[in-house]
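I have placed the structure first, in the form of structure tokens, so that the comments after it can refer back to it.
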Amino acid sequence: MNQFMPEVSDDKLHEECGVFAVYTPNKDASRLCYFGLHALQHRGQESAGIAVGDNATVLVRKDLGLVQQVFSDSDIAALTGHVALGHVRYGTSGAKSWEAAQPHLSTIGSEIIALAHNGTLVNSDALRRELINLGVPFVSNTDSEVACKLIGYFTEQTHHIREGIHKTMELMEGAYAMALINNESLYAFRDPNGIRPLVLGKFANNEGWVISSETCGLDIVSAEFVRDVLPGEVVRISKDGIDCEQAIEQEDEALCIFEHVYFARPDSDIQGDNIYEARVKMGRQLARESKVDADIVIGVPDSGLPSAVGFAQESGIPYAEGLLKNRYVGRTFIEPTQELRERGVRLKLNPIKNTIRGKRLVVIDDSIVRGTTSRQIVTLLRDAGAKEVHMRIVSPEVKWPCFYGIDTETQDQLISANLSTEEIREHINADSLAFLSIDGLKKCVSSGGYCDACFSGDYIVEIPKEFSKGKFLEGYTPHNLKIKTNHQTIQGSCPLDPERKGL
Ligand code: SF4
């Protein structure tokens, strides 16, 4: 068996951000934004921020922490204006700073813009170098600040924010679902593959518009879903109403399929699918693909629960609640002691012993990344008296790093890139182990294009050589990874369409 030594830490992939924005002349925009960010908190827990525009200027408050830790009632009351932009962030290590928190600001002459980003730009290093050479200052090392400064740079040249956004979209490569405000208006735009989700909603009685990473953000402020922001599209909302245009050509659609598996909240709808229902279907599909003789089906909270229901429905094996989640041990500023940390998953999950004792269990989880949590869960269940533990995973094996907005490891940290399924079973000490197939997963989601690169190695957007350096194990050759070395430069012409209106 290979030596596989993952770092012991939280064993999940992490979404890096949630974006929320409101345009409403008659309501309290920043308070609505605050509630929208609460609904999107699962997409990022390390920092939160809100920027607000009031026709005169843009104010921002942001800090490290959960939404409720960052904002007091008086903070929200002080953020007055008709257009608000919010962000929650999960920062990768090394970037957990106030400066990296969003929204980012850029000053254009006397005008300020604020930008919030979900995704990852694969060519941000090259763009940052060029901007620095042009004399543009930076306060963080984030790709989102590069986008903000780039839009500011081009807007200053053209005096049109839309031109600034257009030109920036032509240069940015990778995944981006972004929203931007100035003191008057709100803009939202997505990369040409539509990798990360972004939806448009509206309030009843023409009272305004909402932009959100997920539809659960619309629900909490009682806004109605209108449609997805389209790949390559720019939506502008201002006192003149809403105005949409295809800024850059749409490419092959490639929505992140992990949104359905794990990231999105089950009460959200993405690409026409309700996420809860999609997860039930995944459980049913897995039961068809990987049959097992057992007494009860249990799910690992929270995202494994709908799929456990589906597995039970399809297999006829009774569903039971076997693991309880301690909801109040989350990401906080109070680090557990070393002794408590060693208790690992026991801090978060507790078995219901009377349900489990003496039973042959099917245990449904959403994914295995490093394998550390799965191993602890199996131990937990055996200690609680389980007779057999059969792990069933409602995603394919995660073998490839993500370059599009998800905090994945280098390949040497991904257990499925290092061990065979049988070796993983042995490593986590389960009686059996099976993963959902890629084809099976795609049967459970609506038709449309999806990114599945972390399962398949099929990368939709070219990755610059320097960006992928050190990420792949020797001997792994990803499909469609074109090692890109050249890129467009900032100092090209910046076409201005005289027909377009101003800011
Ligand atoms: S590589 Fe995986 S996690 Fe990343 S965007 Fe594609 S499907 Fe989502």
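Multiply the residue separation of Glu251 and Ser456 by 0.36 nm, subtract the distance between their alpha-carbon atoms, and state the gained length in nm to one decimal.
Numbers: separation 205, 0.36 × 205 = 73.80 nm, distance 1.96 nm.
Value of the extension gain: 71.8 nm.
Set Lys and Arg Cβ to +1 and Asp and Glu Cβ to -1, take the dipole of region 190-317 about its Cα centre, and tell me which of Ile317, Gln250, Ala287 lies farthest positive.
Of the listed residues, the answer is Ile317.
If you stretched the chain out fully between Phe225 and Tyr476, how much longer would it get, using 0.36 nm times the residue separation minus the C-alpha to C-alpha distance? Present the calculation step by step, with values, prior to reporting the outcome.
Details: separation 251, 0.36 × 251 = 90.36 nm, distance 4.21 nm.
Using 0.36 nm per residue and subtracting the Cα-Cα distance, I get 86.2 nm.
Quick check: Cα centre of region 257-294 to Cα centre of region 435-461, how many Å?
13
Let's see if you can work this out: charge +1 on each Lys and Arg Cβ, -1 on each Asp and Glu Cβ, no other charges. What is the dipole magnitude of the chain about its Cα centre, in debye to the nearest 20? Present the calculation step by step, with values, prior to reporting the outcome.
Values: 52 positive and 70 negative charges, 239 e Å.
That gives a dipole near 1140 debye.
Within 10 Å of each residue's Cβ, count the other Cβ atoms and sort Asp267, Asp439, Asp219, Asp295 from fewest upward.
By the 10 Å Cβ count, ascending: Asp439, Asp267, Asp295, Asp219.
How do His87, His260, His42 line up, fewest other C-beta atoms within 10 Å first? Spell out each step's value before the answer.
Values: His87 33, His260 26, His42 19.
Taking fewest neighbouring Cβ atoms as first place, the list is His42, His260, His87.
When only Cα pairs under 8 Å and 6 or more residues apart are kept, what is the percent relative contact order across region 190-278? Kindly include the intermediate steps, with their values, before the conclusion.
Values: 157 pairs, mean separation 27.0, N = 89.
That works out to 30 percent.
Using the charge dipole of region 17-253 (Lys, Arg: +1 at Cβ; Asp, Glu: -1 at Cβ; taken about the Cα centre), state which of Ile113, Thr24, Val67 has its Cα farthest towards the positive end.
Farthest along the dipole direction, towards plus: Val67.
Between 0 and 90 degrees, rounded to the nearest ten: what's the tilt of helix 29-39 against the longest Cα principal axis of the chain?
Roughly 20 degrees, rounded to the nearest 10.
Counting other beta carbons within 10 Å of each residue's own, what order do His390, His38, His479 fall into, fewest first? Intermediate results must be reported in sequence, preceding the final value.
Values: His390 22, His38 19, His479 10.
Fewest-to-most ranking of His390, His38, His479: His479, His38, His390.
Over the chain, what relative contact order in percent results from Cα pairs under 8 Å that are six or more residues apart?
Numbers: 1211 pairs, mean separation 73.2, N = 503.
Across the chain, relative contact order equals 15 percent.
For Asn274 and Gln157, what does the FRET efficiency come to when R0 = 35 Å and r is the distance between their Cβ atoms, rounded to the nearest 0.05? Don't skip to the answer; put the middle values down first.
Values: r = 44 Å, r/R0 = 1.27.
The formula returns an efficiency of 0.20 here.
Give me the one-decimal nm value for the distance between modelled label points at Cys244 and Asp125, 7 Å along each residue's Cα-to-Cβ direction.
The modelled label-to-label distance comes out at 3.7 nm.
Restricting to the chain, compute how many DSSP beta bridges are antiparallel as a %, nearest 5. If you can, show how the numbers build up before the last one.
Numbers: 67 of 87 bridges.
Counting only bridges with both partners in the chain, antiparallel ones make up about 75 percent.
Excluding Asn193 itself, calculate the net charge of residues whose Cβ lies under 9 Å from the Cβ of Asn193, where each Lys or Arg counts +1 and each Asp or Glu counts -1. List each step's numbers first, then the result.
Numbers: positive: Arg190; negative: Asp191, Glu251, Asp252, Glu253.
In short, -3.
Using 19 Å as the Cα-Cα cut-off, could you pick out the over-long pairs in Lys399/Lys442; Lys291/Lys325; Lys353/Lys387?
In this structure, Lys291/Lys325 lie more than 19 Å apart at Cα.
Along region 385-393, what does the Karplus equation 6.51 cos²θ - 1.76 cosθ + 1.60 (θ = phi - 60°) give for ³J(HN,Hα), rounded to whole Hz, x for Gly and Pro?
Ordered by residue, 3J(HN,Hα) equals x, 4, 7, 9, 10, 10, 7, 10, 10 Hz.
DSSP loop (so not H, G, I, E, B), at most 11 other Cβ within 10 Å: list which GluC sites (Glu not before Pro) in region 226-335 pass both filters.
Details: sites: Glu233, Glu245, Glu249, Glu251, Glu253, Glu259, Glu277, Glu289, Glu314, Glu321; in loops: Glu249, Glu251, Glu253, Glu321.
Passing both the DSSP loop test and the Cβ count: Glu249.
Using Cα pairs under 8 angstrom and six or more residues apart, how large is the relative contact order of region 17-253, in percent? Each step should come with its number before you reach the end.
Details: 632 pairs, mean separation 50.1, N = 237.
Here the relative contact order equals 21 percent.
Tell me, rounded to the nearest percent, the portion of alpha carbon pairs in region 17-253 spaced more than 29 Å apart. Don't skip to the answer; put the middle values down first.
Values: 4886 of 27966 pairs.
More than 29 Å apart: 17 percent of the Cα pairs in region 17-253.
For region 268-332, state which trypsin sites (Lys or Arg not before Pro) are in a DSSP loop and have at most 15 other beta carbons lying within 10 Å of their beta carbon.
Details: sites: Arg279, Lys281, Arg284, Arg288, Lys291, Lys325, Arg327, Arg331; in loops: Lys291, Arg327, Arg331.
Here the trypsin sites (Lys or Arg not before Pro) that fit, given the DSSP loop and packing criteria, are Lys291, Arg327, Arg331.
Using 0.36 nm per residue, how much length does the chain from Lys27 to Asn326 gain when fully extended, once their Cα-Cα distance is taken away?
Numbers: separation 299, 0.36 × 299 = 107.64 nm, distance 3.61 nm.
Gain in length upon complete extension: 104.0 nm.
Applying the Karplus parametrisation 6.51 cos²θ - 1.76 cosθ + 1.60 with θ = phi - 60° to the phi angles of region 173-189, what ³J(HN,Hα) value in whole Hz is obtained for each residue in order, glycine and proline being reported as x?
With coefficients 6.51, -1.76 and 1.60, one gets 10, x, 10, 8, 10, 10, 10, 9, 10, 10, 6, 10, 10, 10, 10, 9, 7 Hz.
Note down the net charge around Asn183, summing +1 for each Lys or Arg and -1 for each Asp or Glu among other residues with Cβ under 11 Å from its Cβ. List each step's numbers first, then the result.
Numbers: positive: none; negative: Asp54, Glu111, Glu184.
Summing Lys and Arg as +1 and Asp and Glu as -1 gives -3.
Taken together, the values in this text are just the output of simple stated rules run on the coordinates, not laboratory data. Just so you know, these numbers come straight off a predicted model, no measurement behind them. Counting neighbours? That spans all protein chains shown, and the Cβs are built from the backbone with ideal geometry, glycine included.
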